[in-house]
Amino acid sequence: MLDSPSTINRNRMLLMHLSFWCVYISFFLYQISRYQKEPNLDWYKILMVVSIQLIFILIISYFNYFFLLPQFLKNRKIGLFVIQFLIAFSVVMFARFHAERYLIDGYSGDNAYLYHSRFVVQVITTNFFIVVFVGLLKFVVEWLELEARKKEIENEKLTAELNFLKAQINPHFLFNTLNNLYYLAYSKSDPASRDTPDSSRSARVNTTRASFIGHARG
């Protein structure tokens with residue numbers, strides 16, 4: 001059994017989400033490992049940073065994706081959406097900074113970069129654009145599902161119209177064919193004209209009977 005267009009589109013979007021996060025994690029790991037000052041990479045520290053970043057960016061991205069954006073698309077209140085988004089984004093970023101400072105530095109201040117304004121701006125900017133990108137995928141999903149629904153409705157309508165035309169055309173086509181044969185046979189005084197009227201009457205009676213039975217069943 002073939003999958004419906006909407007199911008195919010959902011699978012495509014799921015693959016797109018997974019692909020994006022795989023690329024992002026790979027790039028993030030590369031960036032952190034590249035700027036490590038120690039000669040031997042501290043993979044525990046690297047994985048800790050990646051985990052903190054990934055957990056909090058997933059929280060805010062999909063909170064926006066599954067809760068804030070659907071509300072906005074339903075209510076169309078952009079002011080309310082902006083306020084809710086800024087509050088949620090600020091809370092998540094605040095928790096993210098403190099989680100990283102506690103788990104990586106223990107609030108000791110040894111890793112001065114974690115307390116620098118440049119670090120704060122960089123994290124906020126990066127996370128903001130990631131959330132925006134993931135949010136745009138929501139609009140792509142809505143558009144693909146709308147197109148899929150339109151195609152399904154069009155296909156159902158065409159199928160219904162075709163079945164209706166078949167049911168209407170077949171009896172009339174038979175009547176017309178037999179009547180034309182009868183007319184040609186009669187006009188040429190062909191002996192076949194003796195049998196054709198009976199065939200036409202028989203076909204008309206059978207078709208009328210079938211039509212009556214069809215209406216009775218309906």
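The values are calculated or read from the model by the stated rules, or taken from the named source; none is laboratory data. These figures come from a predicted structure and were not determined experimentally. Backbone-built Cβ (ideal geometry, glycine too); neighbour counts: all protein chains shown. Please note that ligands, DNA and RNA were not included when accessible areas were found on the heavy atoms of the full protein model with its side chains. Shrake-Rupley method; radii C 1.70, N 1.55, O 1.52, S 1.80 Å.
For the stretch 29-36, indicate whether the set of residues that are among the β-branched types (V, I, T), within 22 Å of F128 (Cα to Cα) and modelled with pLDDT of 85 or more is non-empty.
First pass over the stretch 29-36, keeping only residues among the β-branched types (V, I, T): 32.
Checking the rest, the ones that are also within 22 Å of F128 (Cα to Cα) come to 32.
Now restrict to residues that are modelled with pLDDT of 85 or more: none.
No, the conditions are met nowhere in the stretch 29-36.
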Counted residues, the stretch 100-155 - those being of a type outside the set (K, R) and over 30 Å from R76 (Cβ atoms): 23
From the options Y65, Y44, residue that is of a type in the set (F, W, Y), touching a Lys or Arg at 6+ places or on another chain (Cβ under 7 Å) and assigned to a helix (DSSP H, G or I): Y65
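Count, please, the residues in the stretch 107-138 that happen to be without any contact (Cβ under 8 Å) to a residue 24 or more places away in the chain and loosely packed, with under 13 Cβ neighbours inside 10 Å. Let's see the steps before the verdict.
Taking the stretch 107-138 as the starting set, the residues that turn out to be without any contact (Cβ under 8 Å) to a residue 24 or more places away in the chain are 107-122, 125-126, 129, 132, 136.
Now drop any that are not loosely packed, with under 13 Cβ neighbours inside 10 Å, which leaves 107-110, 112-113, 116-118, 121-122, 125, 129, 132, 136.
The number of residues fulfilling the criteria is 15.
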Matching residues, the stretch 141-167, being modelled with pLDDT under 80 and either basic (K, R) or within 14 Å of F66 (Cα to Cα) (or both): V141, E142, R149, K150, K151, K166
Candidate set: the stretch 1-27, residues that are open to solvent by less than 40 Å² (accessible area, probe 1.4 Å) and among the hydrophobic types (A, V, I, L, M, F, W, C); chosen: the one modelled with the lowest pLDDT: M13
